[in-house]
Amino acid sequence: MSGKDRTSGMKSAYELALERLAAQGIEAPRAQRLSESAKQAIAEARRATESKLAELEILHRAELAKLGDPAARAEQEARYRRDRERAEADGERAVARLRAADTQEEQP
């Protein structure tokens, strides 16, 4: 342990992860400051995604209750997983677009 390590004390897991990224040549993530309106828009996009996921689950459970055939149930499960993944990806893309739009507005 060098003298510098002793004076700086223990490092957090975050600091250790940043050091590992730097050792691999990966740039550390930058803190992005979002405007209040962007934060609200992102929160609304996330709420919309959560609502869509809840709707999909309710419809899925109702459909499963009607089905007795194991093959049809398996098909419904696969359809539900695809729909859920699609809704989650759409939500993530919406948040990414909002973040990118806010970043572009701040740049001169």
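The values are calculated or read from the model by the stated rules, or taken from the named source; none is laboratory data. These numbers come from a predicted model, not from an experiment. No Cβ is skipped: glycine too gets one built from the backbone with ideal geometry, and neighbour counts run over all protein chains shown.
Condition check for Lys4 on (1) of a type in the set (D, E, K, R); (2) surrounded by fewer than 10 Cβ atoms within 10 Å (Cβ to Cβ); (3) modelled with pLDDT of 95 or more: one failure, at (3). Among Ile58, Ile42, which is the only one that is modelled with pLDDT under 95 and part of a helix (DSSP H, G or I)? Sole residue among the options that is modelled with pLDDT under 95 and part of a helix (DSSP H, G or I): Ile42. When segment 62-82 is filtered for residues that are surrounded by 11 or more Cβ atoms within 10 Å (Cβ to Cβ), assigned to a helix (DSSP H, G or I) and either touching a helix residue (DSSP H, G or I) at 6+ places or on another chain (Cβ under 7 Å) or not small (Gly, Ala, Ser) (or both), the ones remaining, listed by number, are Glu63, Leu64, Arg73, Glu75, Gln76, Glu77, Arg79, Tyr80, Arg81. In this structure, Glu50 does satisfy being closer than 30 Å to Thr103 by Cα and either in contact with a strand residue (DSSP E or B) (Cβ under 9 Å, 6 or more places away or on another chain) or not hydrophobic (A, V, I, L, M, F, W, C) (or both). Across segment 15-39, the number of residues qualifying as more than 15 Å from Ala96 (Cα to Cα), hydrophobic (A, V, I, L, M, F, W, C) and not in a loop (DSSP other than H, G, I, E, B) comes to 6.
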